[in-house]
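J.: Supplied in structure tokens, the structure appears directly below.
The values are calculated or read from the model by the stated rules, or taken from the named source; none is laboratory data. The structure presented is a predicted model; accordingly, all values stated were derived computationally and were not measured. Every residue, glycine as well, gets a Cβ built from its backbone with ideal geometry; the counts of neighbours run over all protein chains shown.
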Amino acid sequence: MYIEIDFNSDEAIYQQLCNQIIYGIATSQYEEGQTLPSVRELADEIGINMHTVNKAYSLLREQGFVKVDRRRGAVISVDDNRDRALEVIRKEIVPILAESYSRGVPRQTVHDLVDEIYNAYEGYGTDSNPKA
């Protein structure tokens with residue numbers, strides 16, 4: 001498992017960890033049923049507090065990306081509830097679109113950017129290199 005944390009970032013470490021794992025799922029680095037390192041192992045590997053890893057795993061569980069198995073620990077298990085996913089996406093994208101609109105970024109430019117990013121993820125499933 002390769003996790004890259006930017007200790008100089010304004011983004012919280014637990015959020016960076018969540019984002020890295022979600023990115024790993026989207027790029028097929030992590031697969032359904034794959035066991036994540038224990039809280040202690042990952043904390044030691046990255047050099048962060050165990051509570052930070054535990055917070056990230058708890059958030060991933062709440063968001064439907066992992067399940068916690070008493071014997072195996074945190075396991076990749078993506079909840080495919082699309083209504084729930086759209087609700088979360090809407091909540092996250094509203095401030096981003098408000099900023100884009102406020103700064104005068106044209107709608108088509110935003111659409112093109114979304115298409116470019118989405119196409120890159122689709123490239124991971126069929127090819128070892130993303131399209132973008």
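J.: So which residues in the stretch 105-132 are modelled with pLDDT of 85 or more and of a type in the set (V, I, T)?
T.: Passing the criteria: V105, T109, V110, V114, I117.
J.: Shifting gears a bit: For residues that are among the small types (G, A, S) and surrounded by 11 or more Cβ atoms within 10 Å (Cβ to Cβ), tally how many sit in the stretch 97-114.
T.: 1
J.: With respect to D80, is the statement that it is among the acidic types (D, E), farther than 27 Å from I5 by Cβ and modelled with pLDDT of 95 or more true?
T.: No; evaluated as a whole, the condition is false for this residue.
J.: Identify the single condition in (1) under 24 Å from Q29 (Cβ atoms); (2) in contact (Cβ under 8 Å) with a residue 12 or more places away in the chain; (3) not aromatic (F, W, Y) that L97 does not satisfy, given that it satisfies every other one.
T.: The single condition L97 does not satisfy is (1).
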